[in-house]
Amino acid sequence: MKQLVGIKGNPYGITLRLNENAPFESILEELDVKLKSSTKFFRNASVALKIENRMLSEEEEEILINHIEEISGVQVACILDDSKETTEYYQSMLQQAEEMKQELLNSEAQQEQWDKEKVQEEPWMEADRKEGNQGQFYKGTLRSGQVVESESSIIILGDINPGAKVVARGNIVVLGSLKGYAFAGAGGNDTAFVVALEMKPMQIRIGHYFGVETGKRERRRLLESKKRGNHPKLFPSEPKIAFVSEEAICIEPLSRDIMSDIRYT
Amino acid sequence: MSEVIVVTSGKGGVGKTTTTANIGTGLAKLGHKVVLIDTDIGLRNLDVVMGLENRIVYNLVDVVEGNCRIRQALIKDKRYDGLYLLPSAQTRDKTAVTPEQMRKLTEELREEFDYILLDCPAGIEQGFKNAIAGADRAIVVTTPEVSAIRDADRIIGLLEAEEMGRIDLIVNRIRMDMVKKKDMMSVEDVIDILSVNIIGAVPDDENIVIATNNGEPLVGTNCKAGKAYMNISRRVAGEEVEMMDLNAGNSIWDRLIALFRKN
């Protein structure tokens, strides 16, 4: 008959190999028998216990430990458990716990981030409010490859050729043709605007938004003018203003209405 | 008073070398003493366009390094009085010469020549810096297309930053038939964008190809480009010359129509 209980021991612990199918009572009986015959070996020692091959419930474990302690006199200091199922179970539990912890941390970090951003907005808003009403003047034409930057607003008395760039924390006013790049509200201010006597930019950026000239309208105008036989230059270019409206950059002819609508803070 | 003129463009292939050869020859035809210097070290071709490549013994780098005297390196063009060429080296590169050395060289040449023309290489680095080092004025060459104009704009910006005395523009290879069809920018469009003084416009002419292959600059001859370059040479020398009507054709029919138009 196959043994229901196998005992292996070393000076520090006992390994109990239990049959997984047999009823618990039978296991206990056999254990009692085996333990009685080995009391002399383990007398009053403090040992670690390892249970192999069978999953025991908490109750069963307790009963088992009591039996061992009563009969053999050893003190079960701890139970070692590295059965596959248990290990996997613990692993998955651990993972879940980690994930939950991480989520919690993330949401906290997110919250912090949002708070930080709100706090960060203040400094530039303040700076812009101080410098927002100030402007610098720049006289001359910006040629391709040249860049002019301003901590406040800037007014250019000249042209911005294709390939040139103007960057300002505030607004940009070009008393000439804007054919290059313009970046207004460079600190993140979406209420800045760009004005030019001739608005033909390669790219306009205001705050977080940017728009490009697709060129289709330009080509259509050229084609139309060809049909009419007029030189395109004869069309007077009107002063235009670019600003952010409904999450996009809008370019409109400069009129009194728009001027009064400017929400620049 | 001698003048040191640099012919530059930024973009390659727009006609700097052709322009240098033709203006230089034009000025020599007008009786001035002219020296042409090819500053494109490593990719020299001013000598080829001038038809003088088989007479090269010494070159610019030899002069600057002290291997020979300037006089030994200069090649006299037998076709015209007072026209000399200082060729570049084919086996070195731009680092062989510094702006300081160029300045010294042009200063020395000032004593002997009325006009010193420097053929600048394409680009904006060492070669360009070498060429503009000793120059009093610049002639920027461009063709009427966006890429060339963008580069010309950049070059003009760099020249202005270096406080170049005088900057003039030549619009090269213009085709009036395409301008009429609005397929090409007109001279006015180009000036509009670049905002510099224009010293001449040269029409696209097949004869340039022939002239280059033959090594005979066509300035002063009876074709359109020849006439345009002659006018430019005269303007460089200080004369006031009316802008050529690029629209007029050369055939008898065109000339008749032009006559009627004048009346």
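The values are calculated or read from the model by the stated rules, or taken from the named source; none is laboratory data. Note that this is a predicted model, so its numbers are computed, not measured. In this analysis, Cβ positions are derived from the backbone assuming ideal geometry, glycine residues included, and neighbour counts consider all displayed protein chains. These accessible areas exclude ligands, DNA and RNA; they are computed on the full protein's heavy atoms, side chains included. Shrake-Rupley method; radii C 1.70, N 1.55, O 1.52, S 1.80 Å.
A few points about this structure:
- In nm, spacing of pseudo-spin labels at A:Lys36 and A:Ile251 (7 Å Cα→C-beta vector): 10.2
- Leading residue at positive end of dipole, the protein assembly as shown (Cβ point charges), from B:Val34, A:Leu104, A:Leu31: B:Val34
- Considering only A:Val147, B:Phe260, A:Ala164, the residue lying farthest towards the positive end of the dipole of the protein assembly as shown is B:Phe260, judged by Cα position with unit charges set on Cβ.
- Surface per residue (accessible, 1.4 Å probe) for the protein assembly as shown, Å²: 56
- For the protein assembly as shown, the Cβ-based charge dipole about the Cα centre amounts to some 3520 debye (Lys, Arg positive; Asp, Glu negative; other atoms uncharged).
- Rolled with a 1.4 Å probe across the full set of protein chains, the surface gives A:Thr141 an accessible area near 40 Å².
- Comparing the full protein assembly with the isolated chain, the residues of segment B:145-173 losing at least 40 square angstrom of accessible surface (1.4 Å probe) are B:Arg150, B:Asp153, B:Arg154.
- Under a model in which nothing but the beta-carbon of Lys, Arg (+1) and Asp, Glu (-1) is charged, segment B:3-262 shows a dipole of about 580 debye around its Cα centre.
- Percent accessible area from carbon and sulfur atoms, the protein assembly as shown, protein chains only, probe 1.4 Å: 50
- Under the combined filter of DSSP loop state and at most 10 neighbouring Cβ atoms within 10 Å, segment B:19-123 retains none of its chymotrypsin sites (Phe, Trp or Tyr not before Pro).
- The 1.4 Å probe gives accessible areas that order A:Glu238, A:Glu69, largest first, as A:Glu238, A:Glu69.
- Centre-to-centre, using Cα atoms only, segment B:119-145 and segment B:195-215 are separated by 17 Å.
- Highest-MSF residue in chain B out of B:Asn222, B:Asn172, B:Asn130 [GNM, Cα springs under 10 Å]: B:Asn222
- Derived scalar couplings between HN and Hα for segment A:66-79 equal 4, 3, 4, 5, 5, 6, 9, x, 7, 9, 7, 6, 7, 10 Hz in order, rounded to whole Hz, by the Karplus curve 6.51 cos²θ - 1.76 cosθ + 1.60 (θ = phi - 60°), x for Gly and Pro.
- Listing of segment A:135-175 residues, each with accessible area lower by at least 10 Å² in the full protein assembly than in the chain alone (probe 1.4 Å): A:Thr141, A:Arg143, A:Ser144, A:Gly145, A:Gln146, A:Asp159, A:Asn161, A:Pro162
- Cross-link pairs A:Lys200/B:Lys11; A:Lys139/A:Lys165; B:Lys129/B:Lys227 - those with Cα-Cα distance over 22 Å: A:Lys200/B:Lys11; B:Lys129/B:Lys227
- Note, ³J(HN,Hα) from phi for segment B:53-58, Karplus 6.51, -1.76, 1.60, rounded to Hz, x at Gly and Pro: 5, 8, 10, 7, 10, 10
- When +1 charges are put on Lys and Arg Cβ atoms and -1 charges on Asp and Glu Cβ atoms, the dipole computed for segment B:82-123 relative to its Cα centre reaches about 220 debye.
- Distant-in-sequence amide contacts of A:Leu80, defined by a placed amide H-H separation under 5 Å and a gap of 5 or more residues or a different chain, comprise A:Leu49, A:Lys50, A:Ile51.
- Of B:Lys76, B:Lys180, B:Lys227, the one that fluctuates the most in a GNM where chain B has Cα springs shorter than 10 Å: B:Lys180
- The spacing between segment B:22-93 and segment A:150-207, judged by their C-alpha centroids, is 47 Å.
- Coupling constants for segment A:22-36 follow from the phi torsions by the Karplus curve (6.51 cos²θ - 1.76 cosθ + 1.60, θ = phi - 60°), and in residue order they are 5, x, 4, 4, 4, 4, 4, 4, 5, 4, 3, 4, 5, 5, 4 Hz; glycine and proline get x.
- Ranking B:Gly134, B:Leu194, B:Gly12 by how far each Cα lies toward the positive end of the dipole of chain B (charges on Cβ) leaves B:Gly12 at the top.
- Cβ-defined net charge surrounding B:Asn45, 13 Å radius [Lys, Arg +1; Asp, Glu -1]: -3
- Averaging 1/r over every pair of different alpha carbons in the protein assembly as shown and inverting the result gives a Kirkwood radius of 30.6 Å.
- Helical content alone sets the calculated 222 nm signal of chain B at -12000 deg cm²/dmol, taking -39,500 (n - 2.57) per DSSP H segment of four or more residues and averaging over every residue.
- Counting only protein heavy atoms and using a 1.4 Å probe, the accessible area of B:Val57 comes to about 110 Å².
- Accessible area per residue was computed with a 1.4 Å probe on protein heavy atoms; A:Asp32 scores about 30 Å².
- Candidates B:Ser186, B:Ser195, B:Ser88: whichever shows maximal mean-square fluctuation once chain B is modelled as a Gaussian network with Cα springs under 10 Å: B:Ser195
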